Amino acid sequence: MGVSVIQCLDLTLPNWTVKLSLLQNSLTQRKTAHPVTTVQTLSLLLLAAYFVFLAASLRRRGRVIAGPWLFLFRSFFPNWRFYHGFGAQPRLFTRTATGDGHWGGWTMFMPRAPFKLANLVHNPRNNLLLANQNLVDHLSFDVQTLADGRDVRELVTYQMADRLARELIAAQGEPCAQYQFQLRLVPPLQVPTEDMAILTSPMLPAPASPAPAPASAPASGAA
């Protein structure tokens with residue numbers, strides 16, 4: 001029995017209709033899932049690129065992350081040292097000498113201020129003291145990681161600690177001819193001693209105290 005071309009088309013058209021319907025459904029599903037897949041793929045690519053960059057940098061520079069951009073990536077990793085026991089605390093000490101060369105004892109800087117109820121709302125004094133101690137912590141880290149052959153006096157933290165020492169001495173209100181500051185790592189519950197020092201400044205001349213302002217002359221023609 002012969003089959004005409006029109007009959008063949010009638011037999012094949014339903015199959016193509018089903019195929020087109022299935023293809024349309026597949027494209028709709030892909031279109032819906034496409035944004036999510038793109039974001040996930042892009043995130044994985046960026047994360048992989050970061051780890052490749054970090055591995056290449058560590059291989060080139062050693063296992064210490066020292067670059068300014070690499071230093072910013074530390075936020076990706078938790079600081080597990082936070083969960084360790086208390087270690088030695090960096091403390092700043094100052095002392096002064098009189099004009100005859102007699103040196104006084106070392107005075108330790110402790111960021112403590114009297115507490116008031118108003119400090120719960122506005123507490124600039126304690127914030128300043130904590131910022132000063134944070135400077136001491138940064139100086140301790142910079143001293144311990146200082147490169148060989150580099151002068152510690154070139155460090156910005158050293159210069160800022162020198163200025164902090166002058167401010168602490170000036171707050172005492174005692175005249176002096178020279179001063180000196182020292183950085184110690186003090187273990188908890190131990191009395192600070194000089195053998196704990198990791199940095200001792202040279203004997204520095206005391207800054208000149210500002211001259212008092214001259215008294216204003218009385219206005220002419222006063223009775």
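Brief remarks follow.
- Residue match in the range 178-188 (condition: at pLDDT below 90 and more than 25 Å from the chain's Cα centre (by Cα)): no
- Failed item in (1) within 16 Å of THR107 (Cβ to Cβ); (2) assigned to a loop (DSSP other than H, G, I, E, B), with GLU167 passing the rest: (2)
- Residue that is modelled with the highest pLDDT, among those in the range 113-123 that are assigned to a loop (DSSP other than H, G, I, E, B) and surrounded by 10 or more Cβ atoms within 10 Å (Cβ to Cβ): ASN123
- Of the residues making up the range 170-189, those that are in a strand (DSSP E or B) and within 20 Å of ALA88 (Cβ to Cβ) are PHE181, GLN182, LEU183, ARG184, LEU185, VAL186.
The values are calculated or read from the model by the stated rules, or taken from the named source; none is laboratory data. In this text, all values refer to a predicted model and were calculated from it rather than measured experimentally. We place every Cβ from the backbone using ideal geometry, glycine too, and count neighbours over all the protein chains shown.
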